[in-house]
Each structure stands twice: as structure tokens, then as C-alpha cells.
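The values are calculated or read from the model by the stated rules, or taken from the named source; none is laboratory data. Just so it is clear, the model here is predicted, and its values are computed rather than measured. Glycine also receives a Cβ, built like all others from the backbone with ideal geometry; neighbour counts cover every protein chain displayed.
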Amino acid sequence: MADLGQQLRDYLARHQAPGPPAASPQQQQEKEEEEAAAGGAGGWPGWGWPWAAETEPCLPGLSRWQRLAAAGLCALLAALCFGLAALYAPLLLLRARKFALLWSLGSLCALAAAALLRGPALLRRPGRGSVLYGAALCGTLYAALGLRSAPLTALGAAAQLGAAAAALLDALPGGAAGLRRLAGLGGAALRRRVLPL
């Protein structure tokens, strides 16, 4: 069996096309470690990191584990802010500014977690609804933190809800036309049930 392996190596050495010299074991190990760090062949099978193929990743000084830890921290902060905002929900009329502030900070932390995981691909070609949501989020935070105005904060929170609905509509297949078609089908089905022919 060992003789067969030696014969195969000799045959391949004779009939190998001229090309780059074979890599040493140390160079091959370094190459495998780089592939593993990029989520390639040496990484988890069938699962690569979203920013592995990015030519210009945002925050290039961070490793993938540091990005994952930062995204986890942002997600925990978002959950904390959303939880505290839920505690203020019964007192919405009395503490509207605190509720809107906590909800907006939770949204900002959740967006930061998504941006850390997705990298710059998240910011390429944002839809109109996403841009409106970002503007409403910044406006709500400015009104709550900078101006400390409860009416403007409530107005910003209402704009934020409308912009979130627009962003959701923007993300649906077909957009507004698809939603109108779906509403028309639902209305027709409802009319048939209410007014049988």
C-alpha cells in the first residue's frame, strides 16, 4: 500500500503542470487559519459571516468575535430599553417623554446590533421607508434629549410609528400596490361573507 502511494506521488510529480511551487506545511496551515477567520472552508461548515466577503468592512479593526460581542451587547441594551419602556406603558399619558426616549434608544441599539452583524451591506441603498424611520428616530431623540419637550417628543414618536409602517410597507413584496391588491382581495372576501348572494 505504501508503494502505491509513492507511485502516485511520482506520477503526479512528473505530470504536474508548471505553476507556483507547492506550499510548505507552515504556509498551508496559515492559509487554513485565514480561511477559518474569514468563515471559509476551515470555519463552520455551510455558514459564513455576512462581512467575510466585504471588500471594505465597517470597523475593520474588530475581529468577528468582537463584532459578535458588541452586537450581543447592543441587543441586550435594546431589550433593556424596550423592557423599561414597557414598564412605562401604563403611565403613557404622564411619562410620554420617558417612554418615547426609552423606545427610541431601544430602536437605536437594535439597529446598531444589526449594523454590527451585517456590516456596510445594511447601509447600501436603503429604502424610502428606512430613511424616513431614521429621520423620525433622530427627531424623537433630539426632541426628548435636546429640547426636553414632551409635545415634540410625542409628535416624533407618532412620526416614528408612521415611518415604521412605511418601512414595513417598503419591505413587502409589491410595496403599496401589493398591499392595495391584498386589501382589495380581503375586502371582496369580507363582502361575500357579509352579503351572501
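What the table below lists for this structure:
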{"read-out": "Entirely in region 84-197, the helices (runs of 4 or more DSSP H) that have 3 or more residues that are buried (at least 17 other Cβ atoms within 10 Å of the Cβ) and modelled with pLDDT of 90 or more", "value": "96-118, 128-141, 150-171"}
{"read-out": "Residues of region 114-141 classified as of a type in the set (Ser, Thr, Tyr) and out of contact with any Ser or Thr (no Cβ under 9 Å at 6 or more places or on another chain), total", "value": "1"}
{"read-out": "Count of residues meeting criterion [under 8 Å from Ala136 (Cβ atoms) and of a type in the set (Val, Ile, Thr)] in region 146-167", "value": "0"}
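Every residue, every condition in (1) under 25 Å from Arg97 (Cα atoms); (2) among the hydrophobic types (A, V, I, L, M, F, W, C); (3) in contact with an Asp or Glu (Cβ under 9 Å, 6 or more places away or on another chain); (4) in contact (Cβ under 8 Å) with a residue 24 or more places away in the chain, yes or no:
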{"site": "Arg128", "(1), (2), (3), (4)": "no, no, yes, yes"}
{"site": "Ala136", "(1), (2), (3), (4)": "yes, yes, no, yes"}
{"site": "Tyr142", "(1), (2), (3), (4)": "yes, no, no, no"}
{"site": "Ala154", "(1), (2), (3), (4)": "yes, yes, no, yes"}
{"site": "Ala164", "(1), (2), (3), (4)": "yes, yes, no, yes"}
{"site": "Gly174", "(1), (2), (3), (4)": "no, no, no, no"}
{"site": "Gly178", "(1), (2), (3), (4)": "no, no, no, no"}
{"site": "Arg193", "(1), (2), (3), (4)": "no, no, no, no"}
